Amino acid sequence: MKRKVLLIVVALFCASLVAICEERPVYLDANASPEARAEDLLARMTLEEKVGQVTQIEIHRLQKGFWGGGELDPDWLQKVLVDYAVGSILSGGDGVPAKNAPAGWAKMTNTIQEWAQKTRLKIPVLYGIDAVHGHNGVVGAAIYPHNLGMAATFDPAGVEEYGRLTADEVRATGIHWTFAPVLDVARDPRWGRTVETFGEDPYLVGVMGASVIRGFQSTGKVMACGKHFLGYSAAENGLDRNPADFSERALREIHLPPYRAAMEAGLGSIMVNSGEVNGVPAHASRWLLTEVLRNELGFTGLAVSDWEDVAKLASYHRVAGTLDEAIARAYNAGLDMNMVPMDLAAADRLANLVRKGIVPEARLDEAVKRVLVAKFKLGLFEDPFADPARAEKLIGSPESRDLARRLARESLVLLKNENEVLPISPKKIKSVLVVGQVAESLSYLCGPWTVHWRGARDEEIVGQSILGALKARLPAGIRLAYLPRVTNKAEAERAARGVDLVIAVLGEKPDAEGNADSQELRLPPDQEEMVRLMAETGRPLAVVVVAGRPLVMPWLDTRVSALLWAFYPGNEGGTAIAEVLLGMYNPSGRLPIGFPKSVGQLPQVYNCRRTARYDPLFPFGHGLSYTKFAYSELKVPERVRLGMPVTVSVKVKNAGPVAGDEVVLLFLRDEVASVTQPAKSLRAFTRIHLAPGEERAVNFTLSPEDLSILDEDLKPVQEPGWFTIFLGGLEARFFVAEG
Ligand code: GLC
């Protein structure tokens, strides 16, 4: 009898186990691989559900006021998230909740996820945002320097930490995807998005981009997005979204390396370039989106379009006669997700294209699977929701503001400092005059993509202006006067009377994308006139510029003794600038982009071919300190074998009066090669801190890849011959021998 009962119990247990297994599909098994879960879920989806997953709609479409924003509209929530089961929502540059505060973001994204749960398969929404210099859409968040400033820090570890901290803030507000980092390599400072790049050197862009990616993706809770694939920054004349025509050599030597570095760092997604490359819009380029991205780079992540760029294949580039043709062209080229971002009919069109076989269902399935894999990797099926309390705690936290201040300090570049007019010292300065209304501005410090696409209003930013920070830190015994504007000689003379130092604070009004394109690269005339008027008083004059790029400065003559540059340093930038002016922080930033003498020189980059003329006002890598760093004992082996690494060592001493950080830049020149090489190329760098009198040995190891070039057939090759290392004003040659 006992045996019989036992058998029945065992049978019942197995039956229930089978039942549970059958009820619990693989895609809901958190222990299964993201790929297996995606395969299982994909097999359960209808065509309509599939096209929904690869459609991205912008938050304004769901809001009651549409472009006016506001609360979410239940009718549109139903239509977008349930009827169309859209897979992704984004906040564009102005896409904010009704109440722009951490809890307001959490409430908005949680509502979206709750509506997504009403669908048959309950697939969570992937929410994306441009968190490009902090969680910059949220009022109260720490606003970091824009990428050009981040690059000027030459501090990859600090930039990675920025990514990690910001990812926590982003996920806490229920957002899982940041459209960062920009991996475009700056080619022409007239381009309105130069400040969003890490500068003109492919190696530096790759190092910084990879650092942001590692930081953002460190917790696995937020996916980064390298953009804009590929060659977006090469638009002719620096006009945003202008055609770009460049050789495959330029593509492989300049624009591709940052993506290789980004993918080695585990990049989860890319956003496609809005422009054309050699006549083919990137969104229609099978060569770029499949041959290069997938087959050559081996990228397995998600490829999302840029804003409305699929439709623009028909309306702007005219490479498609109809919207259907445009959609078919983009998906057949290899696009995965369409940032439509307003027209739900795009999903219907794609479904019809698949029904007609114009877009193979296998291609759609591949795209859907990449979206689903991303969602499983991000843990969205386990926890798609925001954590309002955590969001309130993290956003604007002391930790994030301390890091933003540290990076703002490191981003500042002292371009000129004659007669050591800076820093302001009570020993030599008793009265200072600050002129220029930018000194009072917080919005100028933060630049575009801050609360709003084209920049924030002062009252929306937490932080200290340059003037406020100066007043708060001015040593006793130094008087400070301020004039927002100086418009005539008499006014300048009167204001400068008895002043020991004039500080003119100038700035480029923030703006975004094409709105920030500049053909003149000049500051506003009233600011240039103000500098001239103050220079004519003959008083010692220091100039601070807050801008989104290098500018042309006809006013920078001998009468301007000092020049400090800030690339939209963020809401801690005012404090950082004041600390540098007062000598509380010894400036250490280095230029990630050269400054032209005139627009006529453009395009001009430091790592041009050695046969080209490079004659900048300030070169790539330039940056002064309040102390002096002396380099000695540069050592490289005289001969190395082909294919072997090269060790380089140098000694750096702080030979000056104050402690400071020194960015040690290692440049290389291949003296004779089968293809003309740059006069020098950055190959390695490190930032070190030295007390006065302290000396340290710095060592680098160059890999064979660091010594390689693309030969005449564009194949990577290391050729024997002489190479020169440039480090801190020293040079050393070594010979690479075959065999
Ligand atoms: C913009 C930008 C892109 C951004 C996207 C979403 O047009 O080109 O960098 O990520 O739209 O805001």
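The values are calculated or read from the model by the stated rules, or taken from the named source; none is laboratory data. The structure presented is a predicted model; accordingly, all values stated were derived computationally and were not measured. As a convention, Cβ positions derive from the backbone with ideal geometry for all residues, glycine included, and neighbour counts pool all protein chains shown. Surface areas here come from the heavy atoms of the whole protein model, side chains and all, with no ligands, DNA or RNA. Shrake-Rupley method; radii C 1.70, N 1.55, O 1.52, S 1.80 Å.
Tabulated data
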quantity: Average Cα contact separation per residue, the chain, under 8 Å, 6 or more apart, as relative contact order %; calculated: 13 percent
quantity: Solvent-accessible surface ranking, highest first, for Arg639, Arg363, Arg473 at 1.4 angstrom; calculated: Arg639, Arg473, Arg363
quantity: Total charge dipole magnitude, the stretch 43-202, about the Cα centre, Cβ charges on Lys, Arg, Asp, Glu only, Debye to nearest 20; calculated: 640 debye
quantity: Cα extents of the stretch 2-394 along the three principal axes, largest first (Å); calculated: 86, 51, 44
quantity: Solvent-accessible area per residue, Å², over the chain with all protein chains present [probe radius 1.4 Å]; calculated: 37 Å²
quantity: Those GluC sites (Glu not before Pro) in the stretch 349-416 that DSSP places in a loop and that have at most 14 other beta carbons within 10 Å; calculated: Glu382
quantity: Antiparallel %, DSSP beta bridges [both residues in the stretch 412-601], to 5; calculated: 20 percent
quantity: Summed side-chain charge close to Met553 - residues other than Met553 whose Cβ falls under 14 Å, Lys, Arg +1, Asp, Glu -1; calculated: +1
quantity: Sparse-neighbour loop sites [trypsin sites (Lys or Arg not before Pro); the stretch 103-173; at most 11 other C-beta within 10 Å; DSSP]; calculated: Arg120
quantity: Value of Rg/Rh across the stretch 557-702 [Cα atoms, Kirkwood radius]; calculated: 1.01
quantity: Angle between the chain longest axis and helix 102-116 axis [Cα atoms, degrees, rounded to 10]; calculated: 20 degrees
quantity: Between 0 and 90°, nearest 10: helix 323-333 axis offset from the chain longest Cα axis; calculated: 80 degrees
quantity: For Pro181, net neighbour charge (Lys/Arg +1, Asp/Glu -1) across residues whose Cβ lies under 12 Å away; calculated: -2
quantity: Loop sites in the stretch 213-310: chymotrypsin sites (Phe, Trp or Tyr not before Pro), DSSP, at most 11 other Cβ within 10 Å; calculated: none
quantity: Ellipticity estimate at 222 nm from DSSP helix runs (n ≥ 4, -39,500 (n - 2.57)) divided over the chain, nearest 500; calculated: -8500 deg cm²/dmol
quantity: At R0 = 30 Å, FRET efficiency that the Cβ-Cβ distance of Glu382 and Met342 yields, to 0.05; calculated: 0.45
quantity: Glu520-Lys489 FRET efficiency (beta carbon distance; Förster radius 25 Å; 0.05 resolution); calculated: 0.50
quantity: Normalised per residue, the volume of the convex hull around the Cα set of the stretch 609-671 (Å³); calculated: 125 Å³
quantity: Over 18 Å [Cα-Cα, the stretch 103-175], rounded percent; calculated: 48 percent
quantity: Bridge type composition, the chain - antiparallel percent by DSSP, nearest 5; calculated: 50 percent
quantity: Cα-centred dipole magnitude for the chain, charges only on beta-carbon of K, R (+1) and D, E (-1), debye, nearest 20; calculated: 1280 debye
quantity: Column: log10 I(q)/I(0), Debye, Cα scatterers of the stretch 412-601, q = 0.10, 0.11, 0.16 Å⁻¹; calculated: -0.37, -0.45, -0.99
quantity: Normalised alpha carbon radius of gyration of the chain [divisor 2.2 N^0.38 Å]; calculated: 1.03
quantity: Sulfur and carbon atoms: percent of accessible area, the stretch 2-394 [1.4 Å]; calculated: 55 percent
quantity: Paired Rg and Dmax values of the stretch 634-739, which use every Cα atom, in angstrom; calculated: 15.5, 52
quantity: Net charge dipole size for the stretch 576-672 [Lys, Arg +1 and Asp, Glu -1 on Cβ; Debye, nearest 20]; calculated: 320 debye
quantity: ³J(HN,Hα) computed for each position of the stretch 243-256 - Karplus, 6.51 cos²θ - 1.76 cosθ + 1.60, integer Hz, glycine/proline x; calculated: x, 10, 10, 8, 6, 5, 4, 4, 4, 7, 7, 10, 8, 7
